[in-house]
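Visitor: Could you have a look at this structure, given as structure tokens, before my questions?
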Amino acid sequence: MHPLLSSATAAFHEEALETLNQIEDWLLTSLDSSSKGDAHRQDTLRLLHSLKGTAASFENEAIAKVCHAIENILTENRQLSSHDRDGLLVAIDFCRQCLSGSESDPALQDEKLANCLAGMNRRDKQNQNNRKPPIVSEMNGSVWQIDFVPYPQFFENGHDPLRIIKSLRQFGPVKVSVFTDKLPDFADFDLYKCYLRWQITLTAEVSYQKIISLFDWVKHVCDVTVEVLALPQSKRVNEPNRYKMSEANLQALLTVSHTLQTQLKQTFALTNQLNQTDKIRLTRRNQAMKHQQQLLQQQLLHISMRPLADAFARLPRMAFDLANKTDKPIQLNMDIAPIEVDSMIVNSLMDPLTHLLRNTLAHGIEPIELRQQSGKPVKGQIHIIAEQVDEQLIIRFSDDGSGLSEEKILAKAKQLGVNLQGSKLDQQRLSDWVFRPGFSTAVTADAISGRGIGLDVVKQHITDMGGRIELISSNSRGCCFTLYIPVHQALMDVQLIDVDQQTLALPLINVLDSYAADSSRLVWHRGKKWFITDDNRQVPLIDIRQFLQLPVRETDEQSGFIVLVNTENSVFAMAVDSLAEQAQLLVKSLLPHYRHVNGVKGVAILNEGNIALLIDPGKLLMSLTISGEQ
């Protein structure tokens with residue numbers, strides 16, 4: 001195969017898999033949130049149509065035919081049933097198998113395609129027989145088209161069409177087109193009849209219900225059609241990224257960047273051998289090249305990062321399949337911090353998370369009958385929380401199942417030749433046993449448990465990443481696995497601030513508001529300075545200069561800015577000289593290059609290559625409180 005064609009095919013495969021993942025995510029959430037499902041349907045159809053056309057271009061007729069069958073079901077604009085969702089997920093799995101090329105027998109592949117299409121066509125016919133009106137009352141959009149057609153008798157009760165059109169302006173800008181095609185000849189014109197109709201384009205993030213409610217009082221004397229032309233920005237399905245870079249290519253570019261940096265240093269050393277004029281010229285060029293090299297290095301480091309959420313992306317589908325396989329309905333709740341970390345961490349987390357989910361379904365979540373007897377909800381609850389705290393990524397994976405069974409662990413230990421009867425088994429000893437290689441309390445091996453491959457693999461993966469894992473169990477109340485993984489660099493949204501000509505960074509998630517300095521907002525109480533917020537709250541005003549051990553100087557209370565910062569337990573204000581930009585920057589840990597500093601998360605790498613201390617608001621407040629400065 002021609003190298004260019006081979007590269008194009010690989011790009012198609014990667015983009016198609018990403019598209020299938022997005023469609024699968026929408027399907028998995030469409031039953032739980034009907035409004036979200038309606039909002040995403042049109043974008044999902046657009047992705048399907050694009051995938052169908054691209055697959056046909058690459059002569060992958062099987063995927064093109066399946067996408068067309070899925071389109072037929074989704075274009076009906078109705079709420080999907082659980083049977084529809086199961087069938088569509090099977091079709092997506094078939095498309096994935098086509099992309100992987102795992103089926104080498106063409107005849108068997110054709111048979112699978114025929115079965116998949118037959119199942120889709122049966123659902124399509126059933127849906128046509130049971131078609132229901134679309135649910136649009138909760139639909140949201142950012143651009144709307146409104147066709148307003150008053151009846152001829154519209155004016156009889158004093159109704160004013162222009163008043164309705166003007167009332168739409170409360171939501172946002174409107175573009176109005178008027179149509180006069182129904183105007184009669186002058187001799188037949190009746191002053192008391194309405195002959196006009198309007199088409200209005202409204203640009204505003206507003207719900208269908210709010211728009212249609214403006215026409216409620218005239219709906220008996222007009223026809224109104226409201227269509228959404230664009231979804232809200234936050235609700236749109238992201239297009240697959242067409243530009244990908246393999247880790248090998250990225251590493252090659254990083255090597256080029258490092259080589260360029262070394263050559264620049266060598267060139268700069270040669271400037272001492274030149275005359276003064278040439279030395280100045282070369283120095284200027286060197287500085288310009290060094291700046292470009294720093295920008296290149298910064299961008300390459302950004303490319304090497306991935307959203308932390310990527311490590312958890314396949315868990316919803318896996319939870320859905322395992323719940324059906326074990327007949328244990330579950331609710332998967334995930335709260336993943338919006339940060340980016342090294343792609344190596346993301347890749348290394350995927351297998352441990354998979355094993356934890358399988359272990360929870362196999363051993364933790366009880367069957368429906370037992371949950372009902374225990375007074376628990378039928379749906380088992382699984383919670384996953386991931387966040388970065390200081391230089392660690394902390395992942396909590398908990399469930400409301402049965403917890404560790406001491407009886408089963410003792411029985412399995414005895415089977416392995418270790419008699420623990422009579423010995424004191426605390427949480428730590430129980431945890432040590434479940435993390436042993438080959439240990440499983442399942443009586444028989446099945447599709448998800450009993451083969452002795454599970455929690456020992458999780459512990460090994462986390463240990464290989466330089467982390468550790470803790471397990472807390474409560475009888476009949478569930479388990480909580482906590483993973484601690486060192487993070488030496490990550491991408492974070494920050495607010496840059498200036499204090500005494502020093503640039504500092506605050507995590508944007510902790511910044512509530514900012515104000516121009518105003519002495520009327522400052523009060524003294526119990527020997528401390530407080531700041532009054534817009535909602536008349538008094539919050540402590542801390543002096544960041546004391547923390548940085550900068551020289552004390554007289555400050556003008558009418559100059560500078562006040563930044564309002566929140567932590568997990570409190571809110572405080574901070575006086576700064578100026579506010580710089582908000583940016584997404586690469587953040588690195590102080591360790592192992594420097595010791596840990598209270599109140600400092602690490603350093604943020606600025607675009608010009610300089611660094612800024614990244615402040616930890618919670619630890620900063622705690623540090624000042626302990627030292628008695630606040």
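Visitor: Hey, what did segment 140-230 get for relative contact order, percent, Cα under 8 Å, at least 6 apart?
Guide: For segment 140-230, the relative contact order is 56 percent.
Visitor: Another question, then. Please list the non-local residues whose amide H lies under 5 Å from the amide H of Asp616, H modeled 1.01 Å from N, same-chain partners needing a gap of 5 or more.
Guide: Here Val600, Lys601 satisfy the definition.
Visitor: Same structure again: Provide the solvent-accessible area of Cys95, counting protein heavy atoms only and rolling a 1.4 Å probe, rounded to the nearest 10 Å².
Guide: The accessible area of Cys95 comes to roughly 0 Å².
Visitor: Treating segment 140-230 as a set of equal point scatterers at the Cα positions, no solvent, please give the Debye-formula log₁₀ I(q)/I(0) at q = 0.10 Å⁻¹.
Guide: So the normalised log intensities work out to -0.27.
Visitor: Tell me the Kirkwood hydrodynamic radius of segment 491-627 in angstroms, computed as one over the mean inverse distance between distinct C-alpha pairs. Don't skip to the end; give the middle numbers.
Guide: Values: mean 1/r = 0.0647 Å⁻¹.
Answer for segment 491-627: a Kirkwood hydrodynamic radius of 15.5 Å.
Visitor: Another question, then. For segment 140-230, what does the accessible surface come to per residue with a 1.4 Å probe? Please give it in Å².
Guide: On a per-residue basis, 61 Å².
The values are calculated or read from the model by the stated rules, or taken from the named source; none is laboratory data. Note that this is a predicted model, so its numbers are computed, not measured. With ligands, DNA and RNA removed, areas are computed over all heavy atoms of the protein, side chains included. Shrake-Rupley method; radii C 1.70, N 1.55, O 1.52, S 1.80 Å.
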